[in-house]
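Peer 1: Could you have a look at this structure, given as structure tokens, before my questions?
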Amino acid sequence: MNTLSECLWGTPDEVAARVRADMPAFRLVNPAGDLPPATCPFTLPGRGASPRRPLVRADRRVGTVWEDDHAVYCCLAGVLPPDLSAPRGAQAAAIFPEMEALLAEAGMTFAHVVRTWLYIDRVCEWYGEFNAARSAFFETRNVFNTFLPASTGIGSANLEGAAIMAGAIAVKPKDASVHAEIVESPLQAPAMAYRSSFSRAAEIFWPDSRILFVSGTASIEPNSHEVAFVGDIEKQVDCTMKAVYAILESRGYGWADVSRAIVYLKEPSFRAAWQAWLAARGLPSDFAAETVCDVCRDEWLFEIELDAVKMLPM
């Protein structure tokens, strides 16, 4: 496994000082600086991998391509729309073809994407417009009938002032030893049931390992799309974490297998409820990177995404 891309949060000055030129990174900013800057490395596949090839836009590294004996891999981070002065709906519509063009440089199509991140400035104001743009692109590329990726769509500004910043992980197998599966949630309805274009989770298999990517998850009523426990941060945290654990457990993972996690808090004060939940279960206080972001509905106070890794006996 490799550690590659980073998520960076903080004040604009903090993020600018910590961005590295040799790796793609989400340059996400919280102008108020309510929580300490968060850095979150990704654990990605590729044993005995080839040298990494950069993908560059406007003199900025936004992707890396590499391969091993079993597959070709592409990680995108910090991808921007071509025209930052365009209306935000146009920026949302343009971000997916821009990702597609970068994937083409890696010899891939959007059908190879297993995980996406969409960081959307002022997300609650226009999430419906963004989601319509994503669904329209997915329809034209037949994504719904190939592989619907796991995803996070969350509210965060960025250093460049774009309406949206995107990233993805794509895997192009060389043989049948590598494959991807969509994973649904035992406790939540498929996101497509309420016209949101992502899978609850995606799992990738190699001969010696597997990785589970759990999408951004929040508090939802069972088999519904309604927000559960409106206004109650403690119950929203508990409901969300039960849903996440149900996904992990359904694929044979547990908390100890989690390799990366990010918690998105609507308000800095909500950190106390999250930390209390961890303490009550004997989990470490640094289980997840933490930041303050808008979740895509005003009623949601908490969201988490995570990855889990299992090594398999050979």
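The numbers here are math on the coordinates, done by the rules we state, and not lab data. Just so we're clear, the structure is a prediction, and the values are computed from it rather than from any experiment. Cβ: placed from backbone, ideal geometry, glycine included. Neighbour counts: every protein chain shown.
Peer 1: Would you please name the trypsin sites (Lys or Arg not before Pro) within the stretch 151-248 that are DSSP coil residues with at most 11 other C-beta atoms within 10 Å of their C-beta?
Peer 2: Details: sites: LYS174, ARG195, ARG200, ARG210, LYS235, LYS242; in loops: LYS174, ARG195, ARG200.
Filter output for the stretch 151-248: ARG195.
Peer 1: Still on this structure, I have one more. For a quick check: with amide H placed at 1.01 Å from N, whose amide H comes under 5 Å from CYS40's, ignoring anything fewer than 5 positions away on the same chain?
Peer 2: Those lying under 5 Å, H to H, from CYS40 are CYS7.
Peer 1: Next question, about the same structure. How big is the gap, in Å, between the Cα center of the stretch 242-285 and the Cα center of the stretch 9-37?
Peer 2: 23
Peer 1: Right, here's the next one. Report the relative contact order of the stretch 42-125, percent, no decimals, based on alpha-carbon pairs under 8 angstrom and at least 6 residues apart. Show your work: numbers first, answer last.
Peer 2: On the way: 81 pairs, mean separation 15.2, N = 84.
Relative contact order here is 18 percent.
Peer 1: Right, here's the next one. Among the lysines, which have Cα under 24 Å from the Cα of LYS266 when same-chain residues fewer than 8 positions away are ignored?
Peer 2: In chain and number order, the partners are LYS235, LYS242.
Peer 1: Once you have a ≥ b ≥ c as the square roots of the Cα gyration tensor eigenvalues for the stretch 101-250, tell me rounded if a/c is under 1.5, and otherwise prolate or oblate according to whether a/b is larger than b/c. Before the final figure, lay out each step's value.
Peer 2: Working: a/c = 1.85, a/b = 1.20, b/c = 1.54.
Oblate is the answer for the stretch 101-250, as a/c is 1.5 or above yet b/c matches or exceeds a/b.
Peer 1: Let me ask something additional. Would you kindly derive the ³J(HN,Hα) couplings of the stretch 20-29 from the backbone phi angles with the Karplus curve 6.51 cos²θ - 1.76 cosθ + 1.60 (θ = phi - 60°), listing them in order in whole Hz, with x for Gly and Pro?
Peer 2: Karplus values, whole Hz, x for Gly and Pro: 9, 6, 9, 8, x, 8, 6, 9, 9, 10.
Peer 1: Something else about it: Given the rule -39500 (n - 2.57) for each run of at least 4 DSSP H residues, summed and divided by the residues of the chain, what is its mean residue ellipticity at 222 nm, to the nearest 500 deg cm²/dmol?
Peer 2: Values: 5 runs with 71 residues, N = 314.
About -7500 deg cm²/dmol.
Peer 1: Please report, to one decimal in angstroms, the Kirkwood hydrodynamic radius of the stretch 245-291 built from all distinct Cα-Cα pairs.
Peer 2: On the way: mean 1/r = 0.0856 Å⁻¹.
About 11.7 Å, per the Kirkwood formula over Cα pairs.
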